[in-house]
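One structure is given below, encoded as structure tokens.
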Amino acid sequence: MATNLIRRAINIKSRVSSSTVYTEAPASRMVLDRPYASEVEAQKVEPKATGGSNMKTFQIYRWNPENPSKPQLQDFKIDLKECGPMVLDALIKIKNEMDPTLTFRRSCREGICGSCAMNIDGCNGLACLTKIESGASETTITPLPHMFVIKDLVVDMTNFYNQYKSIEPWLKRKNPPPAAGKEIPQSRKDRAKLDGMYECILCACCSTSCPSYWWNPESYLGPAALLHANRWISDSRDEYTKERLDAINDEFKLYRCHTILNCARACPKGLNPGKQIQHIKQLQLTAGA
Amino acid sequence: MASSLALKRLVSSNILPSSLRVLRPIVTAPSASRVSNTNAAREDVFDPLSPTRSPNQAVNIRDQFMQNQFLSASRGMATLAKGEGEASEPKNILRPLSPHLPVYKPQLNATLSITNRISGAFLTTVLLFSYLLSLKMGSVCLTYSSFYQFFFYSAKLFLVSASVSALALSYHTYYGIRHLLMDLLKVGVPKVK
């Protein structure tokens with residue numbers, strides 16, 4: 001503000017001291033043949049794309065339960081030069097600057113919490129880990145497929161969490177640990193069997209990418225729950241292996257998997273639930289259940 | 001303060017089961033709508049009849065339960081708790097299903113898998129239809145001329161359907177062999193990204 005005053009003072013002074021060709025004009029009037037730009041011109045911001053801006057259109061699925069009508073895809077234009085690289089940055093920018101009613105889940109912004117799972121350009125993924133495609137094509141963002149939408153990009157995950165609960169994802173033992181009061185020892189080889197399963201963050205990208213889960217969401221457990229089931233089945237410290245295998249040895253819970261393998265393609269952490277499900281099926285054969 | 005606590009303890013221990021029994025019909029009434037998945041789940045978590053909880057805890061849980069009921073109820077029923085619809089019955093909004101087939105990008109694995117299913121269905125149809133055609137046609141067409149006419153006009157169809165079903169059979173067989181190899185020998189399992 002002080003600099004503006006000084007600038008105004010300098011303008012008036014310079015105009016007064018320059019030749020009398022110029023008519024005496026107040027500082028606020030915009031005269032185009034003025035030697036120095038007025039502060040009004042200086043403050044003007046060009047809204048259109050000038051040289052050096054990269055506009056990208058995002059088509060985002062919108063549905064409001066307060067005005068329930070058909071869900072729509074709404075267009076938003078973002079300048080990629082003023083936005084972070086990830087889709088989540090774009091969503092936050094839209095929410096901050098253009099439409100505060102845009103609703104989505106997010107938390108850690110680094111791909112470890114699994115909140116921002118959504119369908120970006122046809123593939124499931126985490127918004128905080130998916131880079132914005134730098135091209136002129138439009139990016140379509142919809143919620144996780146075949147789930148009930150609560151609002152905009154937020155879906156109802158209750159069924160998914162209940163299925164996870166139903167496999168009893170905790171250590172179950174019949175005997176007390178070999179050294180009482182101490183941890184149950186596990187060899188490195190046995191611990192290595194859990195690699196590729198314990199990293200699951202329950203983002204639901206895999207389950208909602210499986211067409212078999214789309215058609216039977218309540219009876220088929222889905223790749224995420226089955227991956228965790230395998231994690232507990234393969235854990236050497238857990239003693240209820242046979243019971244766990246029997247619990248899921250069901251026409252619908254396990255065998256709706258037809259190795260479509262969309263899950264492995266969708267997992268943002270690089271896990272392969274399809275492989276784990278194949279492992280369970282093999283165990284079912286050999287366990288003679 | 002102490003007397004009110006004592007009163008609450010008395011009230012809770014007596015009324016706790018019945019109040020939840022009262023709440024439960026309200027909860028399950030809109031179960032026709034898809035909202036009450038959440039309500040059903042919450043009932044499992046809070047088991048008020050377990051004797052291990054102290055009555056004070058039970059009161060807290062009951063209050064939370066009631067609050068949660070309204071919260072979850074207002075998710076599916078528009079703005080019930082916001083003070084608008086005091087006397088009106090809750091509007092049951094059916095939530096939309098997020099798009100799946102129209103939106104999801106076709107993947108190689110998924111396409112191969114669904115083609116396998118389609119080819120299997122096609123081959124089954126061809127099998128059954130050829131049985132019907134060759135063995136039952138005689139008893140359907142009552143005159144020789146209509147029988148002859150049928151076969152005359154569908155002659156070209158046989159060639160086409162034979163080649164298409166040969167394609168389907170070969171694809172189905174190759175997919176079956178790939179499946180066996182993947183399951184037994186772990187050969188050719190697609191790489192994850």
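Packing-based ranking of B:117-123, A:64-70 yields B:117-123, A:64-70, ordered from highest to lowest mean Cβ neighbour count within 10 Å.
In angstrom, the C-alpha Rg and Dmax of the stretch B:108-188 are 17.8, 58.
Over all alpha-carbon pairs in the stretch B:126-172, figure out the percentage whose distance exceeds 11 Å. If you can, show how the numbers build up before the last one.
Values: 770 of 1081 pairs.
Roughly 71 percent, once rounded to a whole number.
Using the Cβ-Cβ distance between residue A:237 and residue B:178 with R0 set to 30 Å, the FRET efficiency works out to roughly 0.25.
Note on A:146, B:179: ascending count of other Cβ atoms within 10 Å places them as B:179, A:146, the fewest first.
Peptide A:121-134 has a mean shielding of 1, counted as Cβ atoms of other protein chains within 10 Å of each residue's Cβ.
Per the Debye formula with a single identical scatterer at each Cα and no solvent contribution, what log10 I(q)/I(0) holds for the stretch A:121-173 at q = 0.13, 0.15, 0.24 Å⁻¹? Rounded to two decimals, the profile gives -0.51, -0.62, -1.01. A Cα-only calculation for the stretch A:55-154 places Rg and Dmax at 12.7, 35 Å.
If you wrap a convex hull around the C-alpha atoms of the stretch A:173-214 and split its volume per residue, what is the figure in Å³?
137 Å³
With q set to 0.28 Å⁻¹, the log10 of I(q)/I(0) for the stretch A:220-289, from the Debye formula over equal scatterers at the Cα positions, is -1.37.
Scaled to the globular estimate 2.2 N^0.38 Å, the Cα spread of the stretch A:186-243, given as radius of gyration, is 1.29.
Look at the stretch A:261-267: the mean tally of other chain Cβ atoms within 10 Å of its residues' Cβ atoms is 6. How large, in Å, is the stretch A:143-289 by the Kirkwood hydrodynamic radius built from its alpha-carbon pairs? Value: 16.0 Å, from the Cα pair sum. Near the amide H of residue A:250, within less than 5 Å, lie the amide hydrogens of A:255, all on another chain or at least 5 residues away, with H placed in the peptide plane. Annotation: the residues A:244, A:106, sorted from fewest to most other C-beta atoms within 10 Å of their own C-beta, follow the order A:106, A:244.
Normalised by the residues of the stretch A:55-154, what does the relative contact order come to in percent, with Cα pairs under 8 Å and at least six apart?
Working: 174 pairs, mean separation 34.0, N = 100.
Averaging sequence separation for qualifying contacts and normalising by length gives 34 percent for the stretch A:55-154.
Sort B:131, A:213, A:161 by Cβ crowding within 10 Å, fewest neighbours at the top. Each step should come with its number before you reach the end.
On the way: B:131 10, A:213 31, A:161 15.
Fewest-to-most ranking of B:131, A:213, A:161: B:131, A:161, A:213.
Remark on residue A:123: its backbone amide H falls under 5 Å from those of B:105, a criterion applied only to residues 5 or more positions apart or on other chains, H modelled at 1.01 Å from N.
Among the lysines of the stretch A:55-154, pairs that are 8 or more positions apart or on different chains and have alpha carbons within less than 18 Å of each other number 14.
Laboratory data are not the source of any read-out in this text; all were calculated from the coordinates shown. If you're wondering where the values come from, they're calculated on a predicted model, not measured in any experiment. We place every Cβ from the backbone using ideal geometry, glycine too, and count neighbours over all the protein chains shown.
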